């Protein structure tokens, strides 16, 4: 399961999710001794314990390991064994807070992609004042074709439809302006494909529409999607840091800070990235969810919840149907 | 000068800057009657008035007008006449809050680009907890080559050197990860060029390094640069809106809000985008500065200040020298 904090985060998250879903079974893959100790140190109910299985893995994929090295050299890694267990039908989905590139490469290799999909995309969720927005690709495909963007749109739209019971999610293409002439050839050709597809396409959107716009789904290449995501993370961190500095500046500002705690907490809760943790690797034949490496217990449990929701709503079957249709009419 | 608020913003800003720079002369191009009335309505000192000239323009370029239409059909627009006045040596620089695409197209056509520069780039400044960061391209070039990225680096570095008296500004290339293998061919080839150039190149940076990193200058293609900029604007707007909502929620939260006003003001000041208004169109033979369309008086005056600083420090001459050197060694 990995991540920056390892079992200190993943096992309490496992406990939380097992307690919340009374028919869920979880397989934890990693160093069996350490996992057992982490489980023993918690007061997990017998019902939850009975639905928890450990599979030992003798290797781990480092967070900075090149995907190719992980794929070839780490056949006994927790990541590989977890993905293998999905392939073998032992598990319905894999959740990992580990190395994204290695997870994507291993999942592609072991689980294979859906028909017509060459490279899967990473889809995530970001907060808005009211509700949230889904966005893909967040970094798996730095170079895209118009056809790939359409596939992202179809996959993303299908996921939103299934998970949020929206009949026809609205879709926008991320661009540097909303006028038809904006952007490069790829994005303009993609817009053509979107317009002639079955998607509820609303046109181009800009960076500020991620947080202030109203489409349900934003489609973009993995380069700008990743830049947008990380830029937001960086700005949010800076604003938090400046807030702490300013409220901590003097006795009086500390008093104001104390009085503002409930407000700041409520603000934080509304934009809490942990509530939106769990990015889907879309385009694979099985469900794989990536947790942020730095996720805490709440964050990691949300990533497991995403995987549960996808399995429960048969997302893969719906993706397969959706991808078999409009691509034909569009090509 | 244009912008969303027209003369209500630009003329007070002109007054502010004329008052602050006692040897500055400003030429205001637009509807002469309206400009005169706007000037009359303000209490501008006779010294400042004497350094203010009006040139009448019978046309305006609309904010959503395609660049080609502005270039061909609006030869009497305020934008075109302002740029012509720079070409004719009547003014040293042009500042506009108008249509970015039209400004860039007209400036390229009338003023021409520096040798070896095909398309100019837009360079802006963004706040950090301590200090700020410069970034280009923010939207002029959605498709780039490695060589163009190097030119952006050389131009940006030269500007930072001149304006901030930094001997060797640190430079990063925006990518989706910091490892050498990350990104696409263009960005990896650009990294090679940067490494063998005279730039103080620090390697790849990611989106969160815009606000939390430490390089002086971030170089990127115009697509991801624009997405990063607008995503930040959108997130900042959302955070402000949520803050207002949460502090306005009840009597008690309003009290806390009142007590927090100095803190919130101080916070706002530190990240105030108006203080960073004024993006340079780099690569032209003359100084052209683009103000945010929605800039207020403080914001627009900052954009004029940017133009003054560039002219005073002979940025164009330095750019010409810088571009003639390292490009040869790199090619």
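Values in this text are rule-based calculations from the coordinates and carry no lab data. Quick caveat: nothing in here was measured; it's all calculated off a predicted structure. Here the Cβ is made from the backbone with ideal geometry for all residues, glycine too, and neighbour counts use every protein chain on show.
At a glance:
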item	result
FRET E, pair residue A:198, residue B:164, Förster distance 51 Å, beta-carbon r, rounded to 0.05	0.45
Modelled label reach - residue A:184, point 7 Å along Cα→Cβ, region B:110-146 residues with backbone N closer than 18 Å	B:118-122, B:136-146
Hull volume in cubic angstrom per residue (convex hull over the Cα atoms of region B:146-228)	87
Equivalent ellipsoid, region A:189-230 (semi-axes from 5 times Cα gyration tensor eigenvalues, Å)	20, 13, 8
Chain A: translational diffusion in µm²/s, Stokes-Einstein, Kirkwood Rh over Cα pairs, 20 °C, 1.002 mPa s	103
Peptide A:128-135, shielding by other chains (average Cβ, 10 Å cutoff)	1
Label point 7 Å beyond Cα along the C-beta direction, distances from residue A:113 to other copies (nm, shortest first)	3.4
Relative packing of peptides A:122-128, A:291-297 - highest average C-beta neighbours within 10 Å first	A:122-128, A:291-297
Exercise: per-residue mean of other protein chain Cβ atoms within 10 Å, A:217-228	6
Ranking of A:251, B:300, A:152 by count of other Cβ atoms within 10 Å, fewest first	A:251, B:300, A:152
Projected label distance in nm at residue B:275 and residue A:43, using a 7 Å step from Cα toward the beta-carbon	5.0
For region A:7-111, alpha-carbon Rg and Dmax in angstrom	13.9, 41
Theoretical ellipticity at 222 nm over chain A - DSSP helices of four or more residues, -39500 (n - 2.57) apiece, nearest 500	-16000 deg cm²/dmol
Directionally averaged shadow of the protein assembly as shown, computed from the convex hull of its alpha-carbon atoms, nm²	32.2
DSSP-defined beta bridges in chain A - what % are antiparallel, rounded to 5	35
Linear extension gain, residue B:143 paired with residue B:258, 0.36 nm per residue minus alpha-carbon span	36.6 nm
Region A:34-97-region A:140-162 distance, computed between alpha-carbon centres (Å)	28
FRET efficiency for residue A:33 and residue B:314, using Cβ-Cβ distance with R0 set to 60 Å, rounded to 0.05	0.30
Per-copy distances of the residue B:179 label point, shortest first, in nm (7 angstrom along Cα→Cβ)	4.2
Overall dimensions of region A:58-158 by Cα: Rg and Dmax, Å	15.0, 46
Beta bridges by DSSP in region B:170-294, antiparallel share as percent, to the nearest 5	20
Position residue A:248, label points 7 Å along Cα→Cβ, spacing to each other copy in nm (shortest first, one decimal)	3.1
Per-selection metrics, region B:255-331 (Cα): Rg and Dmax in Å	18.5, 63
